[in-house]
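Take a look at the structure set out below.
The values are calculated or read from the model by the stated rules, or taken from the named source; none is laboratory data. None of these values were measured; they are calculated from a predicted model. Methodologically, a virtual Cβ is constructed for each residue, glycine included, from the backbone with ideal geometry; neighbour enumeration extends over all protein chains shown.
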Amino acid sequence: MEPKIERICEDVVFGEGPHWDISRQCLYFVDVVSKTINRYVPATNSVYKAYFDTYPSFIIPVEGEKMKFVLGFEKNISVVMWDGEKYRLNDGKCDASGRLWTGSTVHKLAGVAEKLGSIFSLAKDMAKDHGGEVTCSNGLAWSKDNKVFFHVDSLKKIVERFDFDIATGNITNRTVFFSYDKHNLEGYPDGMVIDEDENLWIASFLGNKIIKINSKEPETLLTTIELPAKQVTSMAWGGKNLDELYVTTGRNAFQGDGLEPPIHGSIYKISGLGTKGYPMVNFRMA
């Protein structure tokens, strides 16, 4: 059976940072360009949003706090209160211990000398800089046994593999696991998720597609799913059974692109993939 691709949210300029809340059965995501955080409720097909005066990069609920969220804003991480409905008030994810991970980015994809950023983690009130000479930190994923950490460096067009210690949060033994250039893939790797079969799904920014690779075997491309949108940014497993893949896209003017809605900039839902993901982890403050 071919996967089913549906457009579900169309009023988005540059969607990013999707997070499925399994307890509330809703999808949180940010619109970077519009400076909004958003909540999509499939049961009612409703979208709620709140506006800010700076650019958000991700939104993650705080464990045990119904209206408290951790947000990334450019170089800052903030905790905000939001009821998820009214106007009150590059990727981040939490590992299995509730430790927040994110990274710095260059914000430009071509014609600019590379600056080197880092991979960061935040546990309670303690931040750790893991270094890494990163050009544009994006997708983050962990193996089922929490012994391996995968990280996307978009400008290098690679997925990196690290040994991971869940107790300390340390990452070691860095290697290049998958290279877009070796497979002649168009675009740049962006957001990333892992499924129950431990395959990695990667959004291809400027590539009109999602790819699936084997997380056990380096440089093993398994599947390609073409999308109508060019700027595919990130993904999250969602739905009651976590077998629906919610995909964020953008239509921001970039390198002269004239991308028109609703095809570009919508949130897509892909079903019928024959696999499912794991519940996303909320940030633990205590």
All conditions in (1) assigned to a strand (DSSP E or B); (2) under 19 Å from Ala141 (Cα atoms) are true of Lys269 except (2)
Of the residues in the stretch 100-125 that are hydrophobic (A, V, I, L, M, F, W, C) and at pLDDT below 75, the one that is nearest to Phe69 (Cα to Cα) is Val106
Kindly establish whether Phe254 is at pLDDT below 95 and either in contact with a His (Cβ under 8 Å, 6 or more places away or on another chain) or within 20 Å of Glu10 (Cβ to Cβ) (or both).
yes
Over the stretch 236-250, the set of residues touching an Asp or Glu at 6+ places or on another chain (Cβ under 9 Å), within 20 Å of Asp11 (Cβ to Cβ) and either among the polar types (S, T, N, Q) or surrounded by fewer than 24 Cβ atoms within 10 Å (Cβ to Cβ) (or both) is Thr248
Only unsatisfied item for His183, checking (1) farther than 21 Å from Thr135 by Cβ; (2) more than 17 Å from the chain's Cα centre (by Cα); (3) surrounded by fewer than 20 Cβ atoms within 10 Å (Cβ to Cβ), is (1)
Residue hits (the stretch 121-132; part of a loop (DSSP other than H, G, I, E, B) and in contact with an Asp or Glu (Cβ under 9 Å, 6 or more places away or on another chain)) are Gly132
Note on the stretch 143-167: residues over 13 Å from the mean Cα position of the chain (by Cα), surrounded by fewer than 24 Cβ atoms within 10 Å (Cβ to Cβ) and not in a loop (DSSP other than H, G, I, E, B) are Val148, Ile158, Glu160, Arg161, Phe162, Asp163, Phe164
Condition check: surrounded by fewer than 14 Cβ atoms within 10 Å (Cβ to Cβ), at pLDDT 80 or above and not in a loop (DSSP other than H, G, I, E, B). Does Val79 satisfy that?
yes
Within the stretch 216-233, the residues that are crowded, with 21+ Cβ neighbours inside 10 Å and under 15 Å from Ser179 (Cβ atoms) are none
